[in-house]
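Here's the structure, in structure tokens; my notes come after.
The values are calculated or read from the model by the stated rules, or taken from the named source; none is laboratory data. Everything numeric in this text was worked out from a predicted model, so none of it was measured. Here Cβ is always computed from backbone atoms with ideal geometry, including for glycine, and neighbour counts include all displayed protein chains. Just the protein is used for accessible areas: all its heavy atoms, side chains included, with ligands, DNA and RNA removed. Shrake-Rupley method; radii C 1.70, N 1.55, O 1.52, S 1.80 Å.
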Amino acid sequence: MDARNSLLRLTILSAAFSLSLVSSACADAPEAGSSDAVVFEGARVIVGDGGVIEDAVFVVEDGRFTAVGAAGEVDEPAGATHVSLAGKTVMPAIVNAHIHLASDRETRTDQLQHYAYYGQSMVVSLGTEDGNVGLQMRGEVVPDGARSQSAGRGITSPEPGRTEIPHWVTTEDEARAAVRELAADQVDIVKIWVDDRSGQYDRLSSGLYEAVIDEAHANGLRVTAHVFTLEDAKGLLRAGVDAFAHGIRDMDVDDELVALWQERPNVVLVPNLPAPGVAEDMSWLAGSVPAAQVELMQTNSFDRPELQDFFGIQARNLDRLSREGITISFGTDGSSPWAVHQELADMVRSGMSPADVIVAATSASAEFVGADDLGTVEAGMSADFIVLDANPLDDITNTRTIDAVYLRGTAMDREGVGARFRGADQ
């Protein structure tokens, strides 16, 4: 079965599978009612803003939360269907502010469904897209798929032999023209790379990134920067950058960097930590990854001291900046849909609490990308949430115990999507 026919079959069967998933997530069968409202009850709700509601009740109507509160405090619509989530934990679906999606529609659709499988409601593709498919798909609802945003083509200094998709700029006029082209495309954010790739290229100079940032702001756009060194991070802060798509990776941050950042409290850090270099159990991926690939990933997962050292720099920097009050958002880079759960664990490994990491990945990330109806479980928001079998506030790896994912108020067909990606229907 080819991917196009598979997607068609998945779309047709989505409603039927959603009903079966609701049943599997419940201790009791839903009670039939005349209203289209659904009352979910009995779960612990991690709101996404730092709050927690034990024995919660929340109502979903027309794809949105219409009431959320503790048992006995919520007015339930007459005739609503009731779904028991006793023993479960509910949290908002995750907003991933840094990934790289494919440039063709069919592959991109598959990716958005795979990201949703792992509990993500929105993803932001940063700067490596060829053509306009990514920009076109932003307003589309992909069945069982996450929403998406796009930076279109990013901006960097010439990197021959590496990639020719981003705008290569060598003068301020070229830098400003690239931004104006992106503004005409109505990108969601401008992505720049400030990195010499271990001495392989001349990195984007301060004069060029200053021109990009100035032109972007003149056109109502924000700029997020791929950065590597401490000194470049300081220069970007002075130039007015809006966000960092990576943490600082060459050395521990100093007091000057912290002071510069605190002068601009709206600048957001998307840490995007590297592999921690420790052996991990990869069996939790079996639901959507072919068995042979899981086996290979397990074989390649062992302690690597050299990676631990590199991770340590960024982990210490994240820990300090978080403690200094810098706004932390969330992103994973690359195109691995399951990396979201590894990143959550690595952020906790760095020193952040599970509660703070969940806020970073939900409400803080949604606010950063301008997704005003995502990131929290509260009335008026889109009903995009994850049902978990265990509490991630006790152990952040419990975000991997996904029982169901709801997008826009409907349970996605995780079983069918997972089977397709692991090749079970071939």
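Points worth noting:
- Test: residue in the stretch 219-236 that is open to solvent by 60 Å² or more (accessible area, probe 1.4 Å), farther than 18 Å from Gly127 by Cβ and basic (Lys, Arg): no
- Residue under evaluation Ala364, criteria (1) open to solvent by 10 Å² or more (accessible area, probe 1.4 Å); (2) assigned to a loop (DSSP other than H, G, I, E, B), criterion not met: (2)
- Counting the residues of the stretch 341-361 that are open to solvent by 20 Å² or more (accessible area, probe 1.4 Å) and either part of a helix (DSSP H, G or I) or in contact with a strand residue (DSSP E or B) (Cβ under 7 Å, 6 or more places away or on another chain) (or both) gives 7.
- Matching residues in the stretch 377-399 - criterion: being open to solvent by less than 10 Å² (accessible area, probe 1.4 Å) and either assigned to a loop (DSSP other than H, G, I, E, B) or of a type in the set (D, E, K, R) (or both): Val377, Ala383, Asp384, Pro392
- Looking only at residues of the stretch 123-142 that are within 13 Å of Gln186 (Cβ to Cβ) and small (Gly, Ala, Ser), we find that the one that is modelled with the lowest pLDDT is Gly139.
- Condition check for Ala245: out of contact with any Gly (no Cβ under 6 Å at 6 or more places or on another chain), hydrophobic (A, V, I, L, M, F, W, C) and loosely packed, with under 13 Cβ neighbours inside 10 Å: no
- Among residues of the stretch 122-143, those that are among the β-branched types (Val, Ile, Thr) and in a helix (DSSP H, G or I), counted: 1
- In this entry, Ala86 is excluded by the filter for residues that are outside any strand (DSSP E or B), exposed (fewer than 15 other Cβ atoms within 10 Å of the Cβ) and at pLDDT below 95.
- Filtering Thr401, Thr397, Thr410 for residues that are in contact with a helix residue (DSSP H, G or I) (Cβ under 7 Å, 6 or more places away or on another chain) and under 20 Å from Gly42 (Cα atoms) leaves a single hit, Thr410.
- Each residue in the stretch 400-426 was checked for being part of a loop (DSSP other than H, G, I, E, B) and open to solvent by 10 Å² or more (accessible area, probe 1.4 Å), and 7 pass.
- Between Leu285, Leu273, Leu296, the distinction of being under 27 Å from Arg414 (Cβ atoms) and open to solvent by 80 Å² or more (accessible area, probe 1.4 Å) belongs to Leu296 only.
- Filtered residue count, the stretch 54-72, keeping only those that are open to solvent by 20 Å² or more (accessible area, probe 1.4 Å), part of a strand (DSSP E or B) and in contact (Cβ under 8 Å) with a residue 24 or more places away in the chain: 5
- Given (1) open to solvent by less than 20 Å² (accessible area, probe 1.4 Å); (2) of a type outside the set (A, V, I, L, M); (3) in contact with an Asp or Glu (Cβ under 6 Å, 6 or more places away or on another chain), number of the condition Asn96 does not satisfy: (3)
- If you filter the stretch 368-377 down to residues that are more than 12 Å from the chain's Cα centre (by Cα) and of a type outside the set (A, V, I, L, M, F, W, C), you find that the one that is nearest to Val267 (Cα to Cα) is Gly370.
- The stretch 144-187, residues that are out of contact with any Asp or Glu (no Cβ under 7 Å at 6 or more places or on another chain), closer than 21 Å to Arg108 by Cβ and either open to solvent by 50 Å² or more (accessible area, probe 1.4 Å) or part of a helix (DSSP H, G or I) (or both): Arg147, Glu164, Leu182, Asp185, Gln186
- Those residues of the stretch 285-340 which are under 24 Å from His100 (Cα atoms), aliphatic (A, V, I, L, M) and either in contact (Cβ under 8 Å) with a residue 24 or more places away in the chain or not in a helix (DSSP H, G or I) (or both), in sequence order: Leu285, Ala286, Val289, Leu307, Ala315, Leu318, Ile328, Val340
- Qualifying residue in the stretch 262-284 (condition: hydrophobic (A, V, I, L, M, F, W, C), over 19 Å from His98 (Cβ atoms) and in a helix (DSSP H, G or I)): yes
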